[in-house]
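**Student:** Before I ask anything, here is the structure I am working with.
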Amino acid sequence: AQRVTQPEKLLSVFKGAPVELKCNYSYSGSPELFWYVQYSRQRLQLLLRHISRESIKGFTADLNKGETSFHLKKPFAQEEDSAMYYCALVYSSASKIIFGSGTRLSIRP
Amino acid sequence: GAGVSQSPSNKVTEKGKDVELRCDPISGHTALYWYRQSLGQGLEFLIYFQGNSAPDKSGLPSDRFSAERTGGSVSTLTIQRTQQEDSAVYLCASSFRLGWGEQYFGPGTRLTVT
């Protein structure tokens with residue numbers, strides 16, 4: 001069965017430090033992976049999708065099929081990065097999506 | 001409108017009552033999605049519509065849940081005989097075409113079943 005695992009419920013780092021939010025998936029097919037973010041009192045929004053291989057707000061994520069991972073990284077954290085981050089996997093011929101349990105990122109000044 | 005809107009923003013209901021949650025997508029968006037966000041289950045996908053059609057209803061938690069969309073616009077999510085475990089924030093999203101990376105989310109309806 002397909003599964004998305006985000007092992008850290010809470011990640012706290014200092015401003016300027018590197019950030020890595022972990023995401024591992026389990027899926028026998030070809031994965032389509034996303035990162036969504038929800039800032040405090042704001043709506044859920046897409047941050048990244050693996051297909052586009054882009055950098056958004058300094059964040060990048062690389063799909064590693066060997067390790068079945070899609071970790072989210074940023075070299076220098078900023079206070080405005082504090083938010084809830086969800087990793088998500090689209091499956092079943094792109095008709096369904098499953099989310100990880102989320103990681104709350106807190107950036108300390 | 002400027003974005004996806006949902007109503008009501010908050011709903012408190014007694015166990016056993018039926019509730020209707022409404023979603024107004026962005027004008028012109030053909031795809032519409034419902035999600036549930038709860039402490040116990042995290043973020044769950046429920047159902048999506050392409051136009052007025054929902055190809056797969058298997059994500060709905062039970063047969064007490066139903067959803068419809070009319071005129072390719074407004075959608076309602078109905079929960080019959082509400083239970084305490086239905087308490088959650090129900091999110092709606094829409095996109096111009098079907099695409100998981102192209103959704104605009106609404107503010108959610110917080111449902112509390114007492």
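The values are calculated or read from the model by the stated rules, or taken from the named source; none is laboratory data. In this text, all values refer to a predicted model and were calculated from it rather than measured experimentally. In this analysis, Cβ positions are derived from the backbone assuming ideal geometry, glycine residues included, and neighbour counts consider all displayed protein chains.
**Student:** Across the stretch B:10-24, what is the total count of residues that are surrounded by 12 or more Cβ atoms within 10 Å (Cβ to Cβ) and of a type in the set (S, T, N, Q)?
**Tutor:** 1
**Student:** Something else: Any idea which of B:Arg97, B:Arg36 is closer than 23 Å to A:Leu48 by Cα and either in contact with a helix residue (DSSP H, G or I) (Cβ under 9 Å, 6 or more places away or on another chain) or without any contact (Cβ under 8 Å) to a residue 12 or more places away in the chain (or both)?
**Tutor:** Answer to the selection: B:Arg36.
**Student:** Can I ask one more? Among the residues of the stretch B:56-86, write down those that are more than 14 Å from every other protein chain (Cβ to nearest Cβ), crowded, with 19+ Cβ neighbours inside 10 Å and part of a loop (DSSP other than H, G, I, E, B).
**Tutor:** Correct list: B:Thr82 only.
**Student:** For A:Tyr86, all conditions in the list (1) more than 14 Å from the chain's Cα centre (by Cα); (2) crowded, with 20+ Cβ neighbours inside 10 Å hold save one; what is the number of the exception?
**Tutor:** (1)
**Student:** Every residue in the stretch B:55-82 that is in contact with a Phe, Trp or Tyr (Cβ under 7 Å, 6 or more places away or on another chain) and of a type in the set (Gly, Ala, Ser), please.
**Tutor:** Within the stretch B:55-82, B:Gly59, B:Ala67, B:Ser75 qualify.
**Student:** Then there's this: Would you call B:Val4 β-branched (Val, Ile, Thr) and within 12 Å of chain A (Cβ to nearest Cβ)?
**Tutor:** Against the criterion (β-branched (Val, Ile, Thr) and within 12 Å of chain A (Cβ to nearest Cβ)), B:Val4 qualifies.
**Student:** Could you check the stretch A:1-29 and list, in sequence order, the residues that are among the small types (Gly, Ala, Ser), over 17 Å from A:Leu105 (Cβ atoms) and more than 14 Å from chain B (Cβ to nearest Cβ)?
**Tutor:** Once the filter is applied, which keeps residues that are among the small types (Gly, Ala, Ser), over 17 Å from A:Leu105 (Cβ atoms) and more than 14 Å from chain B (Cβ to nearest Cβ), the stretch A:1-29 yields A:Ser26, A:Ser28, A:Gly29.
**Student:** A further question follows. Filter the stretch A:46-73 for residues that are of a type in the set (Ser, Thr, Tyr) and assigned to a loop (DSSP other than H, G, I, E, B); which is farthest from A:Phe99 (Cα to Cα)?
**Tutor:** A:Ser55
**Student:** Which of the residues spanning the stretch A:12-46 are closer than 30 Å to B:Ser9 by Cα, surrounded by fewer than 18 Cβ atoms within 10 Å (Cβ to Cβ) and in contact with a strand residue (DSSP E or B) (Cβ under 9 Å, 6 or more places away or on another chain)?
**Tutor:** A:Tyr39, A:Ser40, A:Gln42, A:Arg43, A:Gln45
**Student:** When the stretch A:92-106 is examined, which residues are found to be over 13 Å from the mean Cα position of the chain (by Cα) and part of a loop (DSSP other than H, G, I, E, B)?
**Tutor:** Residues satisfying the conditions are A:Ser92, A:Ser93, A:Ala94, A:Ser95.
**Student:** Between B:Gly72, B:Gly40, B:Gly106, which is at pLDDT below 95 and under 28 Å from A:Gln6 (Cα atoms)?
**Tutor:** B:Gly40
**Student:** While we're looking at this one, here's another question. Filter the stretch B:30-55 for residues that are of a type in the set (Gly, Ala, Ser), on the phi < 0 side of the Ramachandran plot and part of a strand (DSSP E or B) and give the result.
**Tutor:** B:Ala31, B:Ser38, B:Ser53
**Student:** Go through the residues of the stretch A:83-91 one by one and say whether even a single one is out of contact with any Cys (no Cβ under 6 Å at 6 or more places or on another chain) and in a loop (DSSP other than H, G, I, E, B).
**Tutor:** No, the stretch A:83-91 contains no residue that is out of contact with any Cys (no Cβ under 6 Å at 6 or more places or on another chain) and in a loop (DSSP other than H, G, I, E, B).
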